[in-house]
Structures are given as structure tokens and as C-alpha cells.
1. Taking other Cβ within 10 Å of each residue's Cβ, how do MET50, MET332 sort, fewest first?
2. So how do HIS204, HIS193 line up by other beta-carbon neighbours within 10 Å, fewest first?
3. Filter LYS151/LYS314; LYS62/LYS151; LYS62/LYS305; LYS70/LYS314; LYS113/LYS305; LYS74/LYS318 down to the pairs with a C-alpha to C-alpha distance above 31 Å, please.
4. Of ASP315, ASP132, how do they rank once you tally other Cβ atoms within 10 Å and put the fewest first?
5. Can you tell me how much longer the chain between LEU117 and ASP136 gets when fully stretched, taken as 0.36 nm per residue apart minus their C-alpha distance, in nm with one decimal?
6. Taking θ as phi - 60°, what are the ³J(HN,Hα) couplings along the stretch 166-175 by the Karplus curve (6.51, -1.76, 1.60), each to the nearest whole Hz, with x for Gly and Pro?
7. SER219: net charge of surrounding residues, Cβ under 14 Å, Lys/Arg +1, Asp/Glu -1, itself excluded?
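What follows draws every value from the coordinates through simple rules; no lab data is involved. Note that the coordinates shown come from a computational prediction; the quantities given were computed from them, not determined experimentally. Because the Cβ atoms are built from the backbone with ideal geometry, glycine has one as well, and the counts that use them run over all protein chains shown.
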Amino acid sequence: MKHLLVCSALVFSTLTSAKKLEEVPEIATEKHSVNHVLMEQQSVVDPITMSTVGGWILSGAKSAIVNGVKSFIKDALFGSGGPDYVLLHEQSLQQIENIVREVVLTSDVEDAKSELLSFQDMMEYYNASAQDDSPDLSILPLLINYATSLKNHRAYRDSYNDNAYLLTGSYSLAAALTIAVFVEKELQGEIDHAYVVAIANSLHQKLTELGSQANSYISRNIQLRYPTGRCDDIIIRKDGVEKSEVNNDVAMKSLIELQPKDDASFGYTRGSCTYIVYDRISGRNYFFHIADMGRNLASRLSMRKRNQLVQQYKDQIKGKEYNQIVNQLDNM
């Protein structure tokens, strides 16, 4: 098995401050609290992913054109010691399948993976032959065939695969490898740069379509429900003491008398007077009760949680470097 060029590990930093944690109200959610929302300050060094490598390849391809190198695929990115594209591809799609609870690794995706494996092997052969600056150009047409077959694979067509958008990250890698081959062909004097630009524009259009479909899928399944009840004078419970956001003593006394004391029947405050973030991708829901933290804090934290989930799923399905790759294809 190949070794990745860069060793990556998850590194967690300590929380910078734990000041008065007992005063931060808890959110009643599945394994979630206000502490988590406010104090999530772990620093993570991201592992190498498909989109990471895709960004590297496109950056290198652009540089190779500008500098007029003799061979781009001679680069270590494509050698036997470089990233294992097939392994990264498998790991990423398996992670997505586990997250979205959908079948991602279909027989068609397995077929595409087999093509990627053959493509990778052929890249290594060409890379080895190019080390003495005399690449075996007889391999180049085969690489073009593999690249064309992979980028046009039926697994990426929404007319054939209803879940094609879940392969957005996979297509990013396929697009980058395709550009690598056509840039190599340009560097060998077999095509002009305009042809490479045309290929890049086609890949850009397809990747943008898949990304847009992925965004729609995420937006449909991550939703924030606002309070539906009359919550302006709701009692805020804190440290076992009931306090009201209103100044009217009569109104406060009235609400205290009417409000049930046990959480199981806390229908008024914990039902209609709750911000709820529905995560239908993972099947989790997050509750932000006005009775626990007040309207303003509940509103801010629920919106923050929704935005965090949306960005998290975009990074996982499309890849963190998705926007970078789209821009690179658009400026090839």
C-alpha cells in the first residue's frame, strides 16, 4: 500500500477557558449542551482527503503550464510513493455512506473505483518512465482513455444515479486527475492550451451542478423550526430559580402559577416555545428552550447550530477544498 506524502493526525487543543461553566445553561438535546456550542474550541489538523489531493493536483498543473516543465506527471504526486487515490476515494465514500444513511457504494461506484485503480496504475507507469525526462508517450493515449472514461462514468450522472450529488467529492478527484493528463499532453506538445481550457470548463460545469445538488440536499434536510407559541413572557429557569423577562410582577406571578413544574409536562415552554434544529441526515434533533436560556440566546445558538451542520455536511460531501477546486478549474 502506498504511503501518503504528508502524515496527518487529529490534534485537539485544550479549552482556553472554563470560566463559570456552571452558569452556562444546558440545551436539552441528544448528547448536546450549550457548553458544547459555546466551548467547542478543539483545533483539528485535517487528514488528507480526496479534495485535498485534488487541490494539490490542480495547483501543480497550473504551475507546470506557467513554468513550462517537461513533464507534470513526473511529479511525486503520481508516483508509487504518492497518495493512494483509490484508498482515499474508498474511505471518503464510506464515511459519507455512514453519515447520510444512504447506499453510496453501489455497484456502479465500485465499477468507477475499478477504473480509478487502473488509471492510478497507469499513472505510476508513466511517472516511472518520466523520471529520466524521457516519458513513454505510448502510455499517454491510454491515460487519456482512462481519464475520459472516469469523468464520464454513469455513477456521476443524475439521470442514472439519483444520489450522484453524494459523489461530488469523488468527481472533484476525477476532474483533477483528468486535468493532469491533458496538461501532460499539452506539455508534450500534442494539444494546445485552448483544448485544456475547454476540458476544464466542461469539468467545472459538471462539478458545479453536482455541488448545487448537494447544497439543495443539505438545505432540505437541515432545518430550523422557530417557536410557534406565545413566548414573549416566558419564564426563564436558571439555577433552580424561576425568573421572567418581563417586569410586570402580576404577569410574572400569573405565568409562574400557570407553568407546570415537571419537565415531562412542560408543554408550553418546551413545546411551542423552543427552537428546534432538525438534522434529517443523521437523524438527530437539537432543542434550544427559551425557558432555559431566553429567546435571544436560544435564537442565536439554534441558528449557529444549523449553520455548523450545513457547513459540516458540505465539507463531508463536497470536500473542504470544493470551492478552491471549482475556482481552479475556472481559471485553468
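1. Numbers: MET50 24, MET332 21.
Exposure proxy ranking, most exposed first: MET332, MET50.
2. Working: HIS204 19, HIS193 12.
Ordered from fewest to most neighbouring Cβ atoms within 10 Å, HIS204, HIS193 come out as HIS193, HIS204.
3. Values: LYS151/LYS314 21 Å; LYS62/LYS151 20 Å; LYS62/LYS305 38 Å; LYS70/LYS314 37 Å; LYS113/LYS305 35 Å; LYS74/LYS318 28 Å.
Result: LYS62/LYS305; LYS70/LYS314; LYS113/LYS305 exceed 31 Å.
4. Details: ASP315 16, ASP132 8.
Result, fewest neighbours first: ASP132, ASP315.
5. Values: separation 19, 0.36 × 19 = 6.84 nm, distance 1.98 nm.
Fully extending the segment from LEU117 to ASP136 adds 4.9 nm.
6. Karplus values, whole Hz, x for Gly and Pro: 6, 9, 4, x, 4, 5, 4, 5, 4, 5.
7. Here the charged neighbours net out to +4.
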